[in-house]
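Heads up, the thing below is written out as structure tokens.
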Amino acid sequence: MVKYDLNKRPTKGAQRTLRAFSSAMFELLELKSFEAISVNELCQRSDYPRATFYNYFDDKYDLVNYCWYLLATEIRVGEAPKLSPDEILVTYFDRLYRFFAHHHRQMTAILQHNDIDETLIASFTNYLKQTVRTIFRQVLGDLQLNIPTELLVTQCSDTLLNLIEWIFLQDKPTTLDEAHRYLSILIGNSKKVVVPGVCAPNE
């Protein structure tokens, strides 16, 4: 949860303020651990007083949740195209893969100061997991399946995020084609993952 109401359209002033604080957080995370970052540092770097910070956020944990919200927006996890379950899985996997590949330098710098098992990275992966599960629940909820929907939602989201974590957070360089092959095996389709817009051989 974030103190600032994310459902309302922010004014230009609010946009500037939110952007300044989130940028300050990302910049500092590349220099030190999340635990070592103070509200005073965030205010100094963003050039806003503490009173303004607390108008928008309860504390630095609230701000970092807003940062995760921004990343989720960039990954477009709120957009659920009308595709088959396998295609949905690959669509979101590809979005996450390209996002992490694009921000690889920044993620590497952050991981140098924040261990994968520490609070910051755990909160990020938990945020992504909850968000992706919500999307899969919306997409798969209307399907008539021979398996409980919640079980399928958990399997899809966990498989997707475990592979992303293995490649990028545990630093296992993997091409997108290789990642598709791994994903195929992990979801029980050892021949080919269903990539939206790509026909299978001989089709």
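Any idea of the accessible area per residue across segment 1-135, 1.4 Å probe, to the nearest Å²? Walk me through the numbers before you get to the answer.
Numbers: 7110 Å² over 135 residues.
Result: 53 Å² per residue.
Starting from the Cα of residue 122, step 7 Å toward the Cβ, then list every residue of segment 1-27 with an amide N under 19 Å from that point. Answer for segment 1-27: 1. Once both labels are positioned 7 Å from their Cα atoms along Cα-to-Cβ, the gap between residue 109 and residue 147 label points is 4.1 nm.
The modelled label-to-label distance for the pair residue 98/residue 55, using points 7 Å beyond Cα in the direction of Cβ, is 3.7 nm. Its Kirkwood hydrodynamic radius, worked out from the mean inverse distance over all distinct Cα pairs, puts segment 1-40 at 11.6 Å.
Say R0 is 30 Å: what FRET efficiency, to the nearest 0.05, do residue 162 and residue 23 get from their beta-carbon distance?
Details: r = 30 Å, r/R0 = 1.00.
Working from the Cβ atoms, E equals 0.50.
The values are calculated or read from the model by the stated rules, or taken from the named source; none is laboratory data. Because the structure is a prediction, the values reported are computed rather than measured. Because the Cβ atoms are built from the backbone with ideal geometry, glycine has one as well, and the counts that use them run over all protein chains shown. With ligands, DNA and RNA removed, areas are computed over all heavy atoms of the protein, side chains included. Shrake-Rupley method; radii C 1.70, N 1.55, O 1.52, S 1.80 Å.
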